[in-house]
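A short write-up of the structure that comes next.
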Amino acid sequence: MGCPVGRNVRSFTGQYFYSIDKKCRLTIPQRLREGIDREVEGYGFVACVGFDGLLYLYTPLAYEQNTPRFDTKAQTSADVRNYMRLTHGLREDLEVDRLGRVLIPEGMLKQFGLAREASAVIVGSGDHIELWPRERWNAFVQEQLVKRDETAAKAIVFAQAPAVAPVTAGPPAGSA
């Protein structure tokens, strides 16, 4: 499946402090939900493994656009197979109820350091939402604020660099 041409997903921003209830439900803030065009982006969220040991939530369209597709040759790589297993095997489709809550399986919460009846931080991160344990988020923010200028300079240089060729799944052609 390809990405719909010319269709952009909503950009999520902000930090929101909420609690996961005793039934493993988390309210997604209205501000994050209100700009989602269900006709274009799909209904609900896709929960999946994110970077840095975080739980990511994407709209169905954003998930489709951000999940790499691998051909059969690439799947000969153990790294590609393991990536695919984690990406697809730990994925959960989450419905949003009439109160704006998603039910996150308890096992998934535990995998990411979250728990029922615990504080969580919902962080808008562009094309996705990140779920953080509150203490971890607070520590991260304090640590990053100290080196924000340096990090920003590196990110800007990275964003302006030409695209990097994809990494191949084996030794370079012609080597043996």
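Among all residue pairs at least 6 apart or on different chains, which show Cβ distances below 6 Å where the first residue, located in region 38-54, is among the acidic types (Asp, Glu) and the second is modelled with pLDDT of 85 or more and not in a loop (DSSP other than H, G, I, E, B)? Correct list of pairs: Glu41/Leu61. Evaluating Glu64 against the criteria (1) under 19 Å from Glu95 (Cβ atoms); (2) exposed (fewer than 13 other Cβ atoms within 10 Å of the Cβ) leaves one unmet condition, (2).
Here Arg85 passes the criteria (1) in contact with a strand residue (DSSP E or B) (Cβ under 9 Å, 6 or more places away or on another chain); (2) farther than 21 Å from Thr13 by Cβ except the one numbered (1).
Quick grid of which residues meet (1) modelled with pLDDT of 95 or more; (2) assigned to a loop (DSSP other than H, G, I, E, B); (3) in contact with a Pro (Cβ under 9 Å, 6 or more places away or on another chain); (4) at positive phi:
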{"position": "Asn8", "(1), (2), (3), (4)": "no, yes, no, no"}
{"position": "Tyr16", "(1), (2), (3), (4)": "yes, no, yes, no"}
{"position": "Lys23", "(1), (2), (3), (4)": "yes, yes, no, no"}
{"position": "Ile36", "(1), (2), (3), (4)": "no, yes, no, no"}
{"position": "Cys48", "(1), (2), (3), (4)": "yes, no, no, no"}
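Taken over region 57-74, the criterion of being more than 9 Å from Asp127 (Cβ to Cβ) and either among the acidic types (Asp, Glu) or touching a strand residue (DSSP E or B) at 6+ places or on another chain (Cβ under 9 Å) (or both) is satisfied by Leu57, Pro60, Tyr63, Glu64, Thr67, Asp71. Considering region 22-64, and only residues there that are of a type in the set (Ser, Thr, Tyr) and over 17 Å from Leu109 (Cβ atoms), the residue that is farthest from the chain's Cα centre (by Cα) turns out to be Tyr43.
The values are calculated or read from the model by the stated rules, or taken from the named source; none is laboratory data. On a predicted model such as this, the values are computed, not experimentally measured, just so you know. No Cβ is skipped: glycine too gets one built from the backbone with ideal geometry, and neighbour counts run over all protein chains shown.
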